[in-house]
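Only one structure is covered here, and it is reproduced in the block below.
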Amino acid sequence: MATSPPRRGRPPKWTDTSFCSLLEVAPDAVLVVDRAGKIVVANEHAERLFGYGNDELIGRSVESLIPPRLRAEHPQHRGNFFGDPRVRPMGAGLELFALRQDGTEFPVEISLSPLTNEAGTFIVSAIRDATERVRTEELKRSEAILRESEARERTRVTELEAILEAVPVPVRIAHDAACLRMTGNRAAYEQARVPVGRNFSSSAPPGERPRYRLMENGAWVAPETLPMQQAAATGKPVYGRELTVVYEDGTKRETVENAVPLLDEAGKPWGAVGTTIDLTEQKQAEQAQRESEDKLRLLLDSTAEAIYGIDLEHRCTFCNPACLHALGFERIDEVLGKNMHDLIHHTRSDGTLFPAEECRVHRVTRTGEGVHAEDEVFWRANGTSFPAEYWSYPQRRGEEVVGAVVAFTDITERKLAEAALANVSRKLIEAQEQERTRIGRASRRHRSTSRNVGYRVTTTP
């Protein structure tokens, strides 16, 4: 705002009629300012531009037409011009602002030129309102920024579309809160078995819906309760929903779906994005694995041979009923997870401790080579031992040894039979030796007798 009251005045005497007429026909606002910064001449354009009445600018300080934040430096700039008076634009490369009588600021363009006469040197300022130019430039800049933003957005969309096309997982996009229109990447169209670009929302009008239905726990699922529809309706994500896709030809695919809402700036959902993962092969593999495990369990449970498995820390990972029976345990939890060396293989038959490092089963987990032994004992739950014959082989996951499987039998009866047989064999050998001794003695007596008889016969006359 102006800091001094407006004053009316008259142009100086040296301004003749021709000069004043020239100023009035000038297309721009024109001010003539002396060295002190006082306005000595102002045309009608200047009065209208700054909002002053007839001759109200005459005698005012030119700084009153400058916004307060810029006034302090202006006298220095004016002095610099008088030190080098020449025609030039004011503040080249800078944004200039002026102040109207009502206190509003506006951008201006100012050209300066010196005027010298008998009264001295003055500054002639041609001032043009740059509001429209600035507005146009700002509009152009905004349009350029918008174009750049749109170009970046198109690039991001193109990149996102390329990424989505490369992703093997079906990705679906609902374009409205009611999920009436739904599209996706190529994998999504392949899973939906509809042409690329077609709407495949289950909430679409009947004629546009895909030709498959969804089941959950054996019951048909209503479209409005599907994960995408729920996310778009409630604004909350849905994770891990397992659904069965039933196609028109009767084939089925097992899937798990995730969906997250798309929210506007106010946090209101306007659509949703979801993924569908086909679990059919995985579930088939899991079923096959379960069946294989069931068969293995049946085999383990039905075999009379005691079998158990260990990990690399010698902890029991499984054992069959024959193993529990042979070791005298009643419950499987008494064995599972326990260190089998410490539980059944800790002491030799002579009562000395059996270090795990010397155990041949332990060697299997280190070397990956199978072993067979029949000269060791296992210990029962009641503290008694029995001679055992066992076979141990590495358990592998790919090329990595992850444990060992041990099959063993109680060979007590065999050892007793072997001992009995050895005893019989020893007695038979002793009898044979005794018989040989008896026969030998008899043979010697016979030979001695034969010699004696022969001598007498040969000497008889």
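The values are calculated or read from the model by the stated rules, or taken from the named source; none is laboratory data. Note that this is a predicted model, so its numbers are computed, not measured. Ideal geometry is used to build each Cβ from the backbone, glycine not excepted, and the neighbour counts take in all protein chains shown.
Say whether the condition of being modelled with pLDDT under 95, surrounded by 18 or more Cβ atoms within 10 Å (Cβ to Cβ), touching an Asp or Glu at 6+ places or on another chain (Cβ under 9 Å) and not assigned by TED's automatic domain parsing to the domain that holds Gly184 is met by at least one residue in the range 269-283.
no
Among the residues of the range 227-236 satisfying the criterion of being without any contact (Cβ under 8 Å) to a residue 40 or more places away in the chain and surrounded by 15 or more Cβ atoms within 10 Å (Cβ to Cβ), which is nearest to Pro261 (Cα to Cα)? First the steps, then the outcome.
Step one: list which residues in the range 227-236 are without any contact (Cβ under 8 Å) to a residue 40 or more places away in the chain, which gives 230, 234-236.
Next, only the ones that are surrounded by 15 or more Cβ atoms within 10 Å (Cβ to Cβ) stay: 230, 235.
Numbers: Gln230: 9, Gly235: 5 Å.
Residue satisfying both the conditions and the ranking: Gly235.
Which residue pairs have Cβ atoms closer than 7 Å, lie 6 or more positions apart in sequence or on different chains, and pair a first residue in the range 345-370 that is over 17 Å from Phe408 (Cα atoms) with a second residue that is surrounded by 11 or more Cβ atoms within 10 Å (Cβ to Cβ) and among the hydroxyl-bearing types (Ser, Thr, Tyr)?
Once the first residue is over 17 Å from Phe408 (Cα atoms) and sits in the range 345-370, its partners that are surrounded by 11 or more Cβ atoms within 10 Å (Cβ to Cβ) and among the hydroxyl-bearing types (Ser, Thr, Tyr) give Leu353/Thr347; Phe354/Thr347.
Could you pull out the residue among Asp84, Asp102 that is touching a residue at least 24 places away in the same chain (Cβ under 8 Å), more than 12 Å from Val33 (Cβ to Cβ) and not polar (S, T, N, Q)?
Details: Asp84 fails: touching a residue at least 24 places away in the same chain (Cβ under 8 Å).
Answer to the selection: Asp102.
Among the residues of the range 264-307, how many are in contact (Cβ under 8 Å) with a residue 60 or more places away in the chain, among the hydroxyl-bearing types (Ser, Thr, Tyr) and out of contact with any Leu (no Cβ under 9 Å at 6 or more places or on another chain)?
Here the count works out to 1.
Only one residue in Val246, Val260 is surrounded by fewer than 16 Cβ atoms within 10 Å (Cβ to Cβ) and not in a helix (DSSP H, G or I), so which one is that? Walk me through how you get there before you give the answer.
Working: Val260 fails: surrounded by fewer than 16 Cβ atoms within 10 Å (Cβ to Cβ).
Checking each option against the conditions leaves just Val246.
Any idea which of (1) loosely packed, with under 12 Cβ neighbours inside 10 Å; (2) assigned to a loop (DSSP other than H, G, I, E, B) is the one Ser203 doesn't satisfy?
(1)
Run down Gln395, Gln432 and say which single residue is modelled with pLDDT of 80 or more and part of a helix (DSSP H, G or I).
Just a single option satisfies the conditions, and that option is Gln432.
Restricting attention to the range 201-217, report how many residues are among the acidic types (Asp, Glu) and either modelled with pLDDT of 90 or more or not assigned by TED's automatic domain parsing to the domain that holds Tyr189 (or both). Please lay out each step first, then the result.
At the first step, the residues of the range 201-217 found to be among the acidic types (Asp, Glu) are 208, 216.
Of the ones still in play, those that are also either modelled with pLDDT of 90 or more or not assigned by TED's automatic domain parsing to the domain that holds Tyr189 (or both) are 216.
The qualifying residues number 1.
Being of a type in the set (Gly, Ala, Ser) and over 18 Å from Lys283 (Cβ atoms) is the filter here; which residues of the range 230-249 pass it? Lay out the reasoning, then the answer.
If we filter the range 230-249 for residues that are of a type in the set (Gly, Ala, Ser), which is where we start, we get 231-233, 235, 240.
Within the range 230-249, Ala231, Ala232, Ala233, Gly235 meet the criteria.
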